[in-house]
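> I have a structure I would like to understand better, so I am pasting it below and will then ask my questions one at a time.
The values are calculated or read from the model by the stated rules, or taken from the named source; none is laboratory data. Bear in mind that the values here come from a model prediction, so they are computed numbers and not experimental data. Positions of Cβ are backbone-derived with ideal geometry, glycine not excepted, and every protein chain shown enters the neighbour counts.
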Amino acid sequence: MNRQPANILDRPLRASRAGDTMVSMSSFAYLYSELVQYHQNRVDSISELERRLESSGYGVGLKMLELLAYRSREYKREIRLMNALQFVSTTVWKSLFGKPADSLERSIDHADEYMIVDYEPLTSTFVSVPSDFGQLSVDAYMSGIIAGVLSGAGFSARVTAHSVQLEEGEHSTAPPSQFNSTNLPPRTEKAVFLVKFSPEVLERDAGMDR
Amino acid sequence: MVFLHLFIVNKSGGLIHHRALSPKAPQIGTNEWLRIGSTFHSLYAIANEASPMKLSQNKNVSGADDGIEEIQADGLVLRCLQTRTGIKFVVTAEPGTSDIDQVLREIYILYTDCALKDPFYELEMPIRCELFTTSVDALIRTMERSARLGIR
């Protein structure tokens, strides 16, 4: 008796196979497109649109943290800042997008800033931002997810998404993910998620080194 | 074999995209293209009405499949693909160009990917998606490259 119940709500939270938790990329793209249009009709400025997308993702982040903690073999809670960031850029990323984030870097100029880089961010796969929208990054939803996971784990942070033009010869080192295979030309922009932690988080983390 | 032009006409006959696919394509202004697009739309509808009988494989009661599929001339071939939602993709090419049908289907896929999934695209409005134009250019390049390799 191991037949899966047809209704997604009746299934157990524990994932039995990787394929069980997959959603068609087109379905996601259409749904996300509607989400952006919904918010776009209700805002006056680009920054407000980004803020609304972030808050849509925030709840997803909180729930992902809870779900992944439940699914992991040992119930452990990250208390160190670097470990929490690693958790976001590998475990969370893998379960959401089927691949780890491309890199996790520490900012050179500011000790409280970290960067998570993704060369093929899912949310902007099919999006061309019109020129009159300026610096809008539709990956703001993903930055909201990151903020949700981090603050759910006790690391309150301000996360912003930025689309950055790729430099000459720069490209993803990872082999193309089997789930994101489209016949579109290679991307010319990468997404950089800037994570800026609150001072008290850094203070607490520094205190643990002693 | 060279692909010359691509134009896309919406279901009410408005031109929503036009693009030269090769430097050999004749230089035609946007106003002329608007006229060509709506004229073709009308001719398609007339051909549809004038057709004495419905094609046997045509399951569509509105007869959307009975319009112009191809126009041949000494200097060019024009092929048209009309989708179920009434959008026409039209490609012109030099005579003897193969795979125009395949290009049309690929462009249809690119349209659903790059325009319909883009939150900033409005239905029936001109397509100004950067991703769509770069993808079409890349598609034409690969098609022409594979055709050249096939001839050798």
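> Output the residues belonging to region A:119-150 that are without any contact (Cβ under 8 Å) to a residue 24 or more places away in the chain and of a type in the set (S, T, N, Q).
Scanning region A:119-150 gives A:S128, A:S131.
> Another question, then. Just checking: which of the helices (runs of 4 or more DSSP H) contained wholly in region A:14-118 hold 3 or more residues that are in contact (Cβ under 8 Å) with a residue 60 or more places away in the chain?
Ranges flagged: A:25-40, A:46-71, A:81-87.
> Please indicate, with yes or no, whether at least one residue in region B:45-65 is closer than 23 Å to B:R148 by Cβ, modelled with pLDDT under 95 and either among the β-branched types (V, I, T) or in contact with a helix residue (DSSP H, G or I) (Cβ under 6 Å, 6 or more places away or on another chain) (or both).
Our first condition is that a residue be closer than 23 Å to B:R148 by Cβ; within region B:45-65, this holds for none.
No, every residue in region B:45-65 fails to be closer than 23 Å to B:R148 by Cβ, modelled with pLDDT under 95 and either among the β-branched types (V, I, T) or in contact with a helix residue (DSSP H, G or I) (Cβ under 6 Å, 6 or more places away or on another chain) (or both).
> Follow-up. B:G75: modelled with pLDDT under 95, in a loop (DSSP other than H, G, I, E, B) and surrounded by 14 or more Cβ atoms within 10 Å (Cβ to Cβ), yes or no? Please lay out each step first, then the result.
On the way: modelled with pLDDT under 95: yes; in a loop (DSSP other than H, G, I, E, B): yes; surrounded by 14 or more Cβ atoms within 10 Å (Cβ to Cβ): no.
Taking the combined requirement at face value, the residue does not satisfy it.
> Another question about this same structure. Which count do you get for residues in region A:20-67 that are within 27 Å of A:A157 (Cβ to Cβ), away from chain B (no Cβ under 14 Å) and not aliphatic (A, V, I, L, M)?
14
> Another question, if that's okay. Determine which member of the set A:F126, A:F133 is crowded, with 17+ Cβ neighbours inside 10 Å and under 27 Å from A:P185 (Cβ atoms).
A:F126
> Within region A:183-208, take every residue that is polar (S, T, N, Q) and loosely packed, with under 14 Cβ neighbours inside 10 Å and give me the one that is farthest from A:L85 (Cα to Cα). Talk me through it step by step, then tell me what you get.
Of all residues in region A:183-208, those polar (S, T, N, Q) come to A:183, A:188, A:198.
Next, from what is left, pick out any that are loosely packed, with under 14 Cβ neighbours inside 10 Å: A:183, A:188.
On the way: A:N183: 32, A:T188: 26 Å.
Here the residue is A:N183.
> Would you be able to tell me the number of residues in region A:124-147 that are within 14 Å of chain B (Cβ to nearest Cβ) and in a loop (DSSP other than H, G, I, E, B)?
11
> List the residue pairs whose Cβ atoms are under 6 Å apart, where the first residue sits in region B:105-130 and is loosely packed, with under 15 Cβ neighbours inside 10 Å, the second is hydrophobic (A, V, I, L, M, F, W, C), and the two are 6 or more positions apart or on different chains.
Close Cβ pairs (under 6 Å, with a partner that is hydrophobic (A, V, I, L, M, F, W, C)) amount to B:P126/B:I16.
> When the residues of region A:99-123 are narrowed to those that are away from chain B (no Cβ under 12 Å) and β-branched (V, I, T), which ends up surrounded by the most Cβ atoms within 10 Å (Cβ to Cβ)?
A:I116
> Condition first: within 12 Å of the chain's Cα centre (by Cα) and β-branched (V, I, T). Now tell me which residues in region B:3-48 satisfy that.
B:I8, B:V9, B:I16
> Take A:S177 and decide whether it is touching a helix residue (DSSP H, G or I) at 6+ places or on another chain (Cβ under 9 Å), at pLDDT 85 or above and polar (S, T, N, Q).
Taking the combined requirement at face value, the residue does not satisfy it.
> Please go through region B:131-152 and give me each residue that is of a type in the set (S, T, Y) and either more than 8 Å from every other protein chain (Cβ to nearest Cβ) or surrounded by fewer than 21 Cβ atoms within 10 Å (Cβ to Cβ) (or both), ordered by number.
Step one: list which residues in region B:131-152 are of a type in the set (S, T, Y), which gives B:133-135, B:142, B:146.
Those that are of a type in the set (S, T, Y) and either more than 8 Å from every other protein chain (Cβ to nearest Cβ) or surrounded by fewer than 21 Cβ atoms within 10 Å (Cβ to Cβ) (or both): B:T133, B:T134, B:T142, B:S146.
> B:N48 is checked against (1) under 20 Å from B:Q82 (Cβ atoms); (2) among the polar types (S, T, N, Q); (3) part of a loop (DSSP other than H, G, I, E, B) and fails just one. What number does that condition carry?
(3)
> Let me ask you something else. Being in a helix (DSSP H, G or I), within 14 Å of chain A (Cβ to nearest Cβ) and out of contact with any His (no Cβ under 7 Å at 6 or more places or on another chain), is that true of even one residue in region B:94-104?
Looking for residues that are in a helix (DSSP H, G or I), within 14 Å of chain A (Cβ to nearest Cβ) and out of contact with any His (no Cβ under 7 Å at 6 or more places or on another chain), one finds at least one in region B:94-104, hence yes.
> Related question: Filter region B:114-134 down to the residues that are under 10 Å from A:P130 (Cα atoms) and not in a loop (DSSP other than H, G, I, E, B) and list them by number.
B:E130
> Let me ask something additional. Assess whether B:K88 counts as being at pLDDT 90 or above, surrounded by 14 or more Cβ atoms within 10 Å (Cβ to Cβ) and more than 14 Å from B:F7 (Cα to Cα).
No, not satisfied.
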